[in-house]
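What follows is one structure encoded as C-alpha coordinates, with my remarks underneath.
The values are calculated or read from the model by the stated rules, or taken from the named source; none is laboratory data. Here the structure is a predicted model, which means the values were calculated and not measured. So basically every Cβ, Gly included, is an ideal-geometry build from the backbone, and we count neighbours across all protein chains shown. To get the accessible areas, we keep the full protein, side chains included, count just its heavy atoms, and leave off ligands, DNA and RNA. Shrake-Rupley method; radii C 1.70, N 1.55, O 1.52, S 1.80 Å.
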Amino acid sequence: MSRCLAARSLDHVVIERGEVANSWRTERWDSLRLLTPNWQSRLPDFGYEGDEPDGFRTMPETIDFIARYAQVISAPVRTHTEVTSVRRANGGYEVQTTEGTWKCATVVLATGACNVPHLPAVADSVPPCICTVTADRYRNPAHVPPGGVLVVGASATGAQIADELHRSGHPVTIAVGEHVRVPRTYRGRDIKWWMDSVGVLDERHDEVDNIDRVRNLPSLQLAGSDDRRMIDLNSLTDIGVRLVGRLAGMNEGTAVFSGSLKNLCALSDLKMKRLLDRIDTWATEHGLDDGIAPPHRFEPTRVEDSPPLRLDLAAEGIRTILWATGFRPDYSWLHVPVLDRKGRVRHDGGVVESPGLYVMGLPFLRRRKSSLIDGAAADANDLSAHLERHLDGNGSAHWAHSPRRRS
Ligand SMILES: Cc1cc2nc3c(=O)[nH]c(=O)nc-3n(C[C@H](O)[C@H](O)[C@H](O)COP(=O)(O)OP(=O)(O)OC[C@H]3O[C@@H](n4cnc5c(N)ncnc54)[C@H](O)[C@@H]3O)c2cc1C
(Lines give C-alpha, C1' and ligand atoms only; values in the text may rest on other atoms or scores of the structure.)
Protein backbone atom coordinates (compact mmCIF):
# COMPACT_ATOMS: atom_id res chain seq x y z
CA MET A 1 0.00 0.00 0.00
CA SER A 2 2.86 2.35 0.80
CA ARG A 3 4.32 1.78 -2.69
CA CYS A 4 0.96 2.45 -4.33
CA LEU A 5 0.34 5.60 -2.28
CA ALA A 6 3.81 6.88 -3.16
CA ALA A 7 3.13 6.19 -6.86
CA ARG A 8 0.10 8.48 -6.53
CA SER A 9 2.18 11.11 -4.67
CA LEU A 10 0.01 10.68 -1.57
CA ASP A 11 1.83 11.68 1.60
CA HIS A 12 1.62 8.91 4.19
CA VAL A 13 3.30 7.17 7.10
CA VAL A 14 3.49 3.44 7.94
CA ILE A 15 3.20 2.69 11.65
CA GLU A 16 4.61 -0.62 12.93
CA ARG A 17 4.72 -1.77 16.53
CA GLY A 18 7.80 -3.97 15.99
CA GLU A 19 10.30 -4.24 13.15
CA VAL A 20 9.34 -4.47 9.48
CA ALA A 21 7.99 -8.01 8.87
CA ASN A 22 7.17 -8.29 12.55
CA SER A 23 4.70 -11.15 12.25
CA TRP A 24 7.26 -13.24 10.34
CA ARG A 25 9.89 -12.47 12.98
CA THR A 26 7.83 -13.17 16.08
CA GLU A 27 4.82 -15.37 15.36
CA ARG A 28 6.10 -18.28 13.26
CA TRP A 29 7.74 -21.60 14.12
CA ASP A 30 11.40 -22.26 13.28
CA SER A 31 11.05 -24.78 10.46
CA LEU A 32 8.21 -23.00 8.66
CA ARG A 33 8.67 -22.22 5.02
CA LEU A 34 6.29 -20.29 2.84
CA LEU A 35 3.85 -22.64 1.18
CA THR A 36 3.79 -20.32 -1.81
CA PRO A 37 6.71 -20.82 -4.25
CA ASN A 38 9.34 -18.07 -4.47
CA TRP A 39 8.01 -16.75 -7.78
CA GLN A 40 4.61 -16.25 -6.20
CA SER A 41 5.47 -13.43 -3.79
CA ARG A 42 5.08 -10.58 -6.26
CA LEU A 43 4.99 -7.18 -4.58
CA PRO A 44 4.48 -4.00 -6.65
CA ASP A 45 7.65 -3.69 -8.80
CA PHE A 46 9.47 -6.29 -6.70
CA GLY A 47 9.64 -10.03 -7.17
CA TYR A 48 11.95 -13.02 -6.86
CA GLU A 49 15.27 -12.66 -8.65
CA GLY A 50 17.14 -15.76 -7.45
CA ASP A 51 17.72 -19.00 -9.33
CA GLU A 52 15.15 -21.11 -7.44
CA PRO A 53 11.78 -19.67 -8.46
CA ASP A 54 10.06 -22.92 -7.49
CA GLY A 55 11.66 -23.12 -4.03
CA PHE A 56 10.01 -22.08 -0.76
CA ARG A 57 11.38 -19.26 1.39
CA THR A 58 12.52 -19.98 4.94
CA MET A 59 11.48 -17.50 7.64
CA PRO A 60 14.82 -15.59 7.58
CA GLU A 61 14.52 -15.35 3.78
CA THR A 62 10.94 -14.11 4.07
CA ILE A 63 11.92 -11.47 6.63
CA ASP A 64 14.81 -10.37 4.41
CA PHE A 65 12.52 -10.19 1.37
CA ILE A 66 10.00 -7.89 3.07
CA ALA A 67 12.61 -5.79 4.87
CA ARG A 68 14.51 -5.27 1.58
CA TYR A 69 11.30 -4.21 -0.11
CA ALA A 70 10.66 -1.57 2.56
CA GLN A 71 14.18 -0.26 1.89
CA VAL A 72 13.96 -0.38 -1.90
CA ILE A 73 10.72 1.63 -1.96
CA SER A 74 11.90 3.91 0.88
CA ALA A 75 8.71 3.19 2.79
CA PRO A 76 8.26 5.86 5.50
CA VAL A 77 8.01 3.30 8.33
CA ARG A 78 7.97 4.31 12.00
CA THR A 79 9.02 1.12 13.79
CA HIS A 80 8.47 0.35 17.48
CA THR A 81 5.39 2.55 17.41
CA GLU A 82 2.17 0.88 18.48
CA VAL A 83 -1.23 2.21 17.51
CA THR A 84 -3.30 2.34 20.69
CA SER A 85 -6.43 4.07 19.37
CA VAL A 86 -8.06 5.11 16.09
CA ARG A 87 -11.18 7.29 16.25
CA ARG A 88 -13.02 9.69 13.98
CA ALA A 89 -12.16 13.36 14.36
CA ASN A 90 -12.94 16.45 12.25
CA GLY A 91 -14.00 14.48 9.17
CA GLY A 92 -10.83 12.37 9.34
CA TYR A 93 -9.16 10.25 11.99
CA GLU A 94 -7.11 10.71 15.12
CA VAL A 95 -4.53 7.97 15.56
CA GLN A 96 -2.94 7.66 18.96
CA THR A 97 0.31 5.77 19.18
CA THR A 98 2.91 5.07 21.81
CA GLU A 99 5.01 7.78 20.11
CA GLY A 100 2.43 10.53 19.76
CA THR A 101 -0.82 11.36 17.97
CA TRP A 102 -1.46 11.68 14.25
CA LYS A 103 -4.30 13.48 12.55
CA CYS A 104 -5.07 12.11 9.11
CA ALA A 105 -7.73 12.20 6.42
CA THR A 106 -7.60 8.46 5.76
CA VAL A 107 -6.40 5.32 7.54
CA VAL A 108 -5.54 1.90 6.07
CA LEU A 109 -5.85 -0.91 8.59
CA ALA A 110 -3.03 -3.30 7.62
CA THR A 111 -2.56 -4.97 10.97
CA GLY A 112 -3.04 -8.48 9.60
CA ALA A 113 -5.64 -11.23 9.87
CA CYS A 114 -3.75 -13.41 12.33
CA ASN A 115 -3.11 -11.32 15.43
CA VAL A 116 -4.60 -13.62 18.06
CA PRO A 117 -5.22 -17.36 18.09
CA HIS A 118 -8.83 -18.35 17.65
CA LEU A 119 -9.54 -20.97 20.32
CA PRO A 120 -12.71 -23.08 20.49
CA ALA A 121 -14.85 -22.80 23.64
CA VAL A 122 -13.66 -26.26 24.74
CA ALA A 123 -10.23 -24.72 25.44
CA ASP A 124 -11.63 -23.42 28.75
CA SER A 125 -12.23 -26.99 29.99
CA VAL A 126 -8.72 -28.33 29.49
CA PRO A 127 -7.38 -29.56 32.86
CA PRO A 128 -4.41 -27.57 34.23
CA CYS A 129 -2.13 -30.63 34.15
CA ILE A 130 -2.19 -30.48 30.33
CA CYS A 131 0.25 -28.03 28.74
CA THR A 132 -1.38 -25.94 26.01
CA VAL A 133 0.45 -24.16 23.18
CA THR A 134 -0.97 -21.98 20.42
CA ALA A 135 0.54 -22.18 16.95
CA ASP A 136 1.91 -18.62 17.09
CA ARG A 137 3.85 -19.50 20.27
CA TYR A 138 5.10 -22.90 19.08
CA ARG A 139 8.75 -22.82 17.94
CA ASN A 140 10.05 -26.43 17.67
CA PRO A 141 9.56 -29.92 19.18
CA ALA A 142 12.20 -29.34 21.88
CA HIS A 143 9.93 -26.75 23.51
CA VAL A 144 7.10 -29.27 23.92
CA PRO A 145 7.13 -31.40 27.10
CA PRO A 146 8.04 -35.07 26.49
CA GLY A 147 5.05 -37.27 25.75
CA GLY A 148 2.05 -37.34 23.45
CA VAL A 149 0.50 -34.30 21.79
CA LEU A 150 -3.06 -33.67 20.69
CA VAL A 151 -2.89 -31.29 17.73
CA VAL A 152 -6.27 -29.63 17.23
CA GLY A 153 -6.83 -28.51 13.63
CA ALA A 154 -5.61 -30.10 10.39
CA SER A 155 -5.14 -27.22 7.99
CA ALA A 156 -1.69 -26.00 6.86
CA THR A 157 -0.46 -25.20 10.37
CA GLY A 158 -1.87 -28.25 12.21
CA ALA A 159 -0.79 -30.75 9.55
CA GLN A 160 2.77 -29.36 9.38
CA ILE A 161 3.26 -29.20 13.15
CA ALA A 162 1.73 -32.67 13.62
CA ASP A 163 4.19 -34.03 11.05
CA GLU A 164 7.17 -32.32 12.73
CA LEU A 165 6.21 -33.34 16.28
CA HIS A 166 5.52 -36.97 15.40
CA ARG A 167 8.77 -37.35 13.48
CA SER A 168 10.65 -35.90 16.49
CA GLY A 169 9.30 -38.63 18.80
CA HIS A 170 6.13 -37.09 20.28
CA PRO A 171 3.25 -39.50 19.53
CA VAL A 172 0.65 -37.27 17.87
CA THR A 173 -3.12 -37.50 17.68
CA ILE A 174 -4.68 -34.96 15.35
CA ALA A 175 -8.27 -33.74 15.73
CA VAL A 176 -9.57 -33.05 12.23
CA GLY A 177 -12.24 -30.47 11.45
CA GLU A 178 -13.10 -28.96 8.08
CA HIS A 179 -9.98 -28.87 5.90
CA VAL A 180 -9.03 -28.26 2.29
CA ARG A 181 -6.87 -31.03 0.82
CA VAL A 182 -4.72 -30.24 -2.23
CA PRO A 183 -1.65 -31.97 -3.69
CA ARG A 184 1.68 -30.13 -3.65
CA THR A 185 2.28 -30.99 -7.29
CA TYR A 186 -0.07 -32.19 -9.99
CA ARG A 187 0.85 -33.36 -13.49
CA GLY A 188 4.42 -32.19 -12.86
CA ARG A 189 3.56 -28.58 -11.88
CA ASP A 190 3.13 -26.97 -8.48
CA ILE A 191 -0.51 -26.64 -7.41
CA LYS A 192 0.02 -22.91 -6.92
CA TRP A 193 1.18 -22.64 -10.54
CA TRP A 194 -2.05 -24.31 -11.62
CA MET A 195 -4.24 -22.19 -9.35
CA ASP A 196 -2.53 -19.03 -10.57
CA SER A 197 -2.72 -20.02 -14.25
CA VAL A 198 -6.32 -21.23 -14.16
CA GLY A 199 -7.38 -18.00 -12.48
CA VAL A 200 -8.62 -19.53 -9.21
CA LEU A 201 -6.61 -17.05 -7.14
CA ASP A 202 -7.88 -14.04 -9.08
CA GLU A 203 -11.56 -14.79 -8.41
CA ARG A 204 -13.11 -11.61 -7.08
CA HIS A 205 -15.14 -11.00 -3.96
CA ASP A 206 -18.10 -9.78 -6.00
CA GLU A 207 -18.11 -12.89 -8.21
CA VAL A 208 -18.53 -15.63 -5.61
CA ASP A 209 -21.92 -16.80 -4.36
CA ASN A 210 -21.39 -16.76 -0.61
CA ILE A 211 -18.59 -14.39 0.32
CA ASP A 212 -19.05 -14.89 4.09
CA ARG A 213 -18.61 -18.63 3.66
CA VAL A 214 -15.46 -18.42 1.51
CA ARG A 215 -13.91 -15.80 3.79
CA ASN A 216 -14.11 -18.35 6.59
CA LEU A 217 -12.66 -21.32 4.72
CA PRO A 218 -9.59 -22.89 6.32
CA SER A 219 -6.17 -22.54 4.68
CA LEU A 220 -5.05 -25.15 2.14
CA GLN A 221 -3.50 -28.27 3.70
CA LEU A 222 -0.13 -27.58 2.13
CA ALA A 223 3.55 -27.22 3.09
CA GLY A 224 6.68 -25.89 1.41
CA SER A 225 9.75 -28.16 1.46
CA ASP A 226 12.77 -29.00 -0.72
CA ASP A 227 11.35 -32.42 -1.64
CA ARG A 228 7.91 -30.89 -2.40
CA ARG A 229 6.26 -33.72 -0.49
CA MET A 230 2.55 -33.76 0.10
CA ILE A 231 1.53 -33.38 3.73
CA ASP A 232 -2.03 -34.60 4.12
CA LEU A 233 -3.92 -36.92 6.43
CA ASN A 234 -2.70 -40.00 4.52
CA SER A 235 0.95 -38.96 4.86
CA LEU A 236 0.35 -38.36 8.58
CA THR A 237 -1.28 -41.80 8.94
CA ASP A 238 1.70 -43.34 7.13
CA ILE A 239 4.12 -42.08 9.79
CA GLY A 240 1.85 -43.22 12.65
CA VAL A 241 -0.19 -40.11 13.54
CA ARG A 242 -3.66 -41.05 14.84
CA LEU A 243 -6.66 -39.29 13.28
CA VAL A 244 -9.72 -38.38 15.35
CA GLY A 245 -12.75 -36.17 14.64
CA ARG A 246 -13.22 -32.52 15.56
CA LEU A 247 -12.62 -31.83 19.26
CA ALA A 248 -16.16 -31.28 20.54
CA GLY A 249 -15.79 -31.34 24.32
CA MET A 250 -13.58 -31.98 27.32
CA ASN A 251 -14.93 -33.75 30.37
CA GLU A 252 -12.67 -34.21 33.40
CA GLY A 253 -9.60 -34.87 31.30
CA THR A 254 -11.41 -36.91 28.66
CA ALA A 255 -11.46 -35.38 25.19
CA VAL A 256 -14.65 -35.95 23.21
CA PHE A 257 -14.53 -35.98 19.41
CA SER A 258 -17.33 -35.62 16.88
CA GLY A 259 -18.22 -38.55 14.64
CA SER A 260 -17.88 -36.45 11.49
CA LEU A 261 -14.32 -37.46 10.54
CA LYS A 262 -15.27 -39.73 7.65
CA ASN A 263 -17.72 -37.23 6.17
CA LEU A 264 -15.32 -34.30 6.47
CA CYS A 265 -12.58 -36.28 4.74
CA ALA A 266 -14.93 -37.40 1.98
CA LEU A 267 -16.00 -33.78 1.43
CA SER A 268 -12.41 -32.61 1.30
CA ASP A 269 -11.53 -35.37 -1.21
CA LEU A 270 -14.51 -34.34 -3.33
CA LYS A 271 -13.46 -30.69 -3.36
CA MET A 272 -9.92 -31.67 -4.33
CA LYS A 273 -11.30 -33.74 -7.21
CA ARG A 274 -13.36 -30.75 -8.39
CA LEU A 275 -10.25 -28.54 -8.37
CA LEU A 276 -8.28 -31.14 -10.35
CA ASP A 277 -11.19 -31.51 -12.82
CA ARG A 278 -11.12 -27.75 -13.37
CA ILE A 279 -7.35 -27.83 -13.88
CA ASP A 280 -7.64 -30.70 -16.41
CA THR A 281 -10.31 -28.85 -18.38
CA TRP A 282 -8.18 -25.72 -18.48
CA ALA A 283 -5.08 -27.71 -19.53
CA THR A 284 -6.98 -29.28 -22.42
CA GLU A 285 -8.45 -25.95 -23.50
CA HIS A 286 -4.97 -24.45 -23.52
CA GLY A 287 -3.37 -27.31 -25.46
CA LEU A 288 -1.09 -28.47 -22.65
CA ASP A 289 -2.09 -32.15 -22.60
CA ASP A 290 0.63 -33.39 -24.95
CA GLY A 291 3.51 -31.74 -23.10
CA ILE A 292 2.75 -32.78 -19.50
CA ALA A 293 1.88 -35.86 -17.43
CA PRO A 294 -1.66 -37.22 -17.94
CA PRO A 295 -4.46 -36.49 -15.45
CA HIS A 296 -4.59 -38.73 -12.39
CA ARG A 297 -6.39 -38.84 -9.06
CA PHE A 298 -5.09 -39.32 -5.51
CA GLU A 299 -5.96 -42.09 -3.09
CA PRO A 300 -8.97 -41.07 -0.97
CA THR A 301 -8.22 -40.12 2.62
CA ARG A 302 -7.95 -43.31 4.68
CA VAL A 303 -10.04 -43.21 7.85
CA GLU A 304 -10.48 -45.99 10.42
CA ASP A 305 -13.97 -47.52 10.42
CA SER A 306 -14.55 -46.43 14.03
CA PRO A 307 -12.11 -43.69 15.04
CA PRO A 308 -12.16 -43.08 18.82
CA LEU A 309 -14.85 -40.71 20.02
CA ARG A 310 -13.35 -40.28 23.52
CA LEU A 311 -9.77 -40.27 24.77
CA ASP A 312 -8.67 -40.12 28.39
CA LEU A 313 -5.70 -37.78 27.90
CA ALA A 314 -3.69 -39.01 30.91
CA ALA A 315 -4.24 -42.68 30.08
CA GLU A 316 -3.15 -42.02 26.48
CA GLY A 317 0.03 -40.26 27.62
CA ILE A 318 -1.09 -36.96 26.04
CA ARG A 319 0.61 -34.16 27.94
CA THR A 320 0.21 -31.27 25.51
CA ILE A 321 -2.55 -29.79 23.39
CA LEU A 322 -1.41 -27.70 20.44
CA TRP A 323 -4.12 -25.38 19.15
CA ALA A 324 -3.93 -24.99 15.37
CA THR A 325 -7.48 -23.72 15.14
CA GLY A 326 -6.82 -20.51 13.22
CA PHE A 327 -6.41 -16.87 14.08
CA ARG A 328 -8.43 -13.70 14.14
CA PRO A 329 -7.56 -10.01 13.90
CA ASP A 330 -7.31 -7.82 17.00
CA TYR A 331 -9.15 -4.49 16.69
CA SER A 332 -9.30 -3.67 20.39
CA TRP A 333 -7.77 -0.27 19.57
CA LEU A 334 -10.27 0.61 16.81
CA HIS A 335 -12.86 3.00 18.23
CA VAL A 336 -14.86 3.50 15.04
CA PRO A 337 -18.21 1.65 14.94
CA VAL A 338 -17.42 -0.62 12.00
CA LEU A 339 -17.20 -4.04 13.68
CA ASP A 340 -19.90 -6.69 13.34
CA ARG A 341 -21.09 -8.79 16.27
CA LYS A 342 -18.21 -11.21 15.72
CA GLY A 343 -15.70 -8.38 15.89
CA ARG A 344 -14.95 -8.39 12.17
CA VAL A 345 -14.55 -5.16 10.19
CA ARG A 346 -17.55 -4.54 7.92
CA HIS A 347 -16.17 -3.67 4.50
CA ASP A 348 -16.89 -3.88 0.80
CA GLY A 349 -13.75 -5.21 -0.83
CA GLY A 350 -11.56 -3.36 1.70
CA VAL A 351 -13.57 -0.12 1.72
CA VAL A 352 -14.79 0.18 5.31
CA GLU A 353 -18.18 1.69 6.11
CA SER A 354 -16.55 4.77 7.64
CA PRO A 355 -15.44 7.20 4.86
CA GLY A 356 -11.68 7.27 4.40
CA LEU A 357 -11.11 4.01 6.29
CA TYR A 358 -9.68 1.00 4.43
CA VAL A 359 -8.57 -2.51 5.38
CA MET A 360 -6.00 -4.83 3.76
CA GLY A 361 -4.71 -8.37 4.15
CA LEU A 362 -7.92 -10.18 5.16
CA PRO A 363 -9.07 -13.50 3.64
CA PHE A 364 -10.77 -12.95 0.26
CA LEU A 365 -10.80 -9.19 0.87
CA ARG A 366 -11.06 -8.46 -2.86
CA ARG A 367 -9.72 -11.66 -4.40
CA ARG A 368 -9.11 -15.25 -3.38
CA LYS A 369 -5.39 -14.40 -3.12
CA SER A 370 -5.97 -11.39 -0.82
CA SER A 371 -4.56 -13.14 2.25
CA LEU A 372 -1.36 -14.10 0.44
CA ILE A 373 1.67 -11.84 0.03
CA ASP A 374 0.95 -12.18 -3.68
CA GLY A 375 -2.51 -10.67 -3.26
CA ALA A 376 -1.35 -7.39 -1.74
CA ALA A 377 -0.31 -5.73 -5.01
CA ALA A 378 -3.67 -5.90 -6.78
CA ASP A 379 -5.65 -5.01 -3.64
CA ALA A 380 -3.38 -2.07 -2.78
CA ASN A 381 -3.61 -0.81 -6.34
CA ASP A 382 -7.43 -0.86 -6.27
CA LEU A 383 -7.76 0.56 -2.77
CA SER A 384 -5.19 3.31 -3.25
CA ALA A 385 -7.17 4.43 -6.32
CA HIS A 386 -10.34 4.56 -4.21
CA LEU A 387 -8.48 6.38 -1.44
CA GLU A 388 -7.18 8.99 -3.89
CA ARG A 389 -10.68 9.60 -5.18
CA HIS A 390 -11.88 9.95 -1.61
CA LEU A 391 -9.25 12.62 -0.95
CA ASP A 392 -10.04 14.41 -4.22
CA GLY A 393 -13.77 14.25 -3.79
CA ASN A 394 -13.77 14.74 -0.03
CA GLY A 395 -15.98 11.75 0.75
CA SER A 396 -17.69 11.02 -2.56
CA ALA A 397 -15.36 8.23 -3.70
CA HIS A 398 -16.99 5.28 -5.41
CA TRP A 399 -15.94 2.21 -7.33
CA ALA A 400 -15.42 3.20 -10.95
CA HIS A 401 -14.99 -0.40 -12.08
CA SER A 402 -17.23 -2.41 -9.79
CA PRO A 403 -20.80 -1.43 -10.65
CA ARG A 404 -22.22 -4.70 -9.32
CA ARG A 405 -21.49 -3.68 -5.76
CA ARG A 406 -21.50 0.11 -5.64
CA SER A 407 -22.26 3.01 -7.88
C1 LIG B 1 1.46 -19.54 9.77
C2 LIG B 1 1.23 -18.68 8.56
C3 LIG B 1 1.80 -19.04 7.35
C4 LIG B 1 1.61 -18.26 6.22
N5 LIG B 1 2.18 -18.67 5.04
C6 LIG B 1 2.05 -17.88 3.96
C7 LIG B 1 2.68 -18.24 2.73
O8 LIG B 1 3.30 -19.28 2.62
N9 LIG B 1 2.54 -17.40 1.68
C10 LIG B 1 1.82 -16.23 1.75
O11 LIG B 1 1.74 -15.52 0.75
N12 LIG B 1 1.19 -15.90 2.89
C13 LIG B 1 1.28 -16.69 3.99
N14 LIG B 1 0.65 -16.35 5.15
C15 LIG B 1 -0.21 -15.17 5.14
C16 LIG B 1 0.64 -13.97 5.35
O17 LIG B 1 0.96 -13.88 6.70
C18 LIG B 1 -0.11 -12.77 4.95
O19 LIG B 1 -0.31 -12.77 3.57
C20 LIG B 1 0.68 -11.54 5.17
O21 LIG B 1 1.34 -11.61 6.40
C22 LIG B 1 -0.25 -10.38 5.21
O23 LIG B 1 0.53 -9.27 5.44
P24 LIG B 1 -0.03 -8.10 6.27
O25 LIG B 1 1.04 -7.05 6.22
O26 LIG B 1 -1.40 -7.75 5.85
O27 LIG B 1 -0.20 -8.68 7.76
P28 LIG B 1 0.91 -9.07 8.81
O29 LIG B 1 2.07 -9.73 8.16
O30 LIG B 1 0.22 -9.78 9.91
O31 LIG B 1 1.44 -7.68 9.34
C32 LIG B 1 0.67 -6.85 10.19
C33 LIG B 1 1.64 -5.92 10.90
O34 LIG B 1 0.90 -5.01 11.68
C35 LIG B 1 1.58 -4.82 12.90
N36 LIG B 1 0.59 -4.39 13.90
C37 LIG B 1 -0.47 -5.07 14.36
N38 LIG B 1 -1.17 -4.32 15.25
C39 LIG B 1 -0.51 -3.15 15.36
C40 LIG B 1 -0.73 -1.97 16.12
N41 LIG B 1 -1.78 -1.85 16.96
N42 LIG B 1 0.14 -0.94 15.98
C43 LIG B 1 1.19 -1.03 15.12
N44 LIG B 1 1.44 -2.13 14.38
C45 LIG B 1 0.60 -3.18 14.50
C46 LIG B 1 2.18 -6.17 13.23
O47 LIG B 1 3.28 -6.03 14.10
C48 LIG B 1 2.57 -6.67 11.85
O49 LIG B 1 3.91 -6.35 11.52
C50 LIG B 1 0.82 -17.09 6.29
C51 LIG B 1 0.23 -16.73 7.50
C52 LIG B 1 0.43 -17.51 8.63
C53 LIG B 1 -0.21 -17.09 9.92
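Projecting label points 7 angstrom from Cα along Cα→Cβ for W333 and E61 puts them 3.2 nm apart.
Shape verdict for the stretch 44-199, please, from the Cα gyration tensor: rounded (a/c under 1.5), prolate (a/b greater than b/c) or oblate. It is oblate, given that a/c is not under 1.5 and a/b is not larger than b/c. Dividing the helix sum by the residues of the chain, where each DSSP H run of 4 or more adds -39500 (n - 2.57), gives a mean residue ellipticity at 222 nm of -7500 deg cm²/dmol. Scattering from the chain was approximated by placing one identical point on each alpha carbon and applying the Debye formula without solvent; log10 I(q)/I(0) at 0.07, 0.09, 0.11 1/Å stands at -0.36, -0.61, -0.91.
Carbon-plus-sulfur fraction of the accessible area of the chain, 1.4 Å probe, in percent? Ligands and nucleic acids excluded, carbon and sulfur give 49 percent.
How high is the relative contact order of the stretch 236-390, given as a whole-number percent (alpha carbon pairs under 8 Å, six or more residues apart)?
On the way: 121 pairs, mean separation 23.7, N = 155.
Once divided by the residue count of the stretch 236-390, the mean separation gives 15 percent.
For the chain, the longest principal axis of the C-alpha atoms and the axis of helix 156-167 are separated by about 40°. Sorting 42-51, 1-10, 375-384 by average packing, meaning the other beta carbons within 10 Å per residue, from highest down gives 375-384, 1-10, 42-51.
Each distinct pair of alpha carbons in the stretch 201-242 adds a 1/r term; the inverse of their mean, the Kirkwood radius, is 13.2 Å.
Charged neighbours of H286, selected by a Cβ distance under 14 Å, balance to -2 (K, R count +1; D, E count -1).
Lysine pair count for the chain with Cα-Cα distance under 17 Å and sequence separation of 8 or more or different chains is 5. Multiplying the residue separation of D312 and W193 by 0.36 nm and subtracting their alpha-carbon distance yields 38.5 nm. If you take all other residues with their beta carbon under 14 Å from the beta carbon of G245, and give Lys and Arg +1 and Asp and Glu -1, the sum is +1. From largest to smallest, the equivalent ellipsoid semi-axes obtained for the stretch 256-341 from the alpha-carbon gyration tensor read 37, 29, 12 Å.
From largest accessible area down, sort H335, H386; use a 1.4 Å probe on the protein chains. Don't jump to the answer; show the numbers that get you there.
Numbers: H335 85, H386 10 Å².
Ranking H335, H386 by accessible area, largest first, yields H335, H386.
Modelled spin labels at D227 and H296, positioned 7 Å past Cα toward Cβ, are 1.7 nm from each other.
Take the alpha carbon gyration tensor of the stretch 108-253, find the square roots of its eigenvalues, order them as a ≥ b ≥ c, and report rounded if a/c is under 1.5; if not, report prolate when a/b exceeds b/c, else oblate. Here the stretch 108-253 falls in the oblate category.
Report, in degrees rounded to the nearest 10, the 0 to 90 angle that the Cα long axis of helix 376-393 makes with the longest principal axis of the chain. Taking the Cα atoms of the chain, the angle to 376-393 is about 30 degrees.
For the chain, what does the relative contact order come out to in percent, with C-alpha contacts under 8 Å and a separation of six or more?
Details: 701 pairs, mean separation 91.4, N = 407.
Worked out over the chain, it gives 22 percent.
Can you tell me how the stretch 304-363 classifies by the Cα gyration tensor, rounded, prolate or oblate, using a/c under 1.5 as the rounded cut? In terms of gyration-tensor shape, prolate.
Compactness of the stretch 263-407, taken as the C-alpha radius of gyration over 2.2 N^0.38 Å, stands at 1.57. Helix 261-285 and the long axis of the chain differ in direction by around 60°, with both axes built from C-alpha atoms.
Calculated accessible area for the chain comes out at 47 Å² per residue, all protein chains present (probe 1.4 Å; ligands, DNA, RNA ignored). First select every other residue whose beta carbon is under 15 angstrom from the beta carbon of S85; then total the charges, Lys and Arg +1, Asp and Glu -1. Neighbourhood net charge equals 0.
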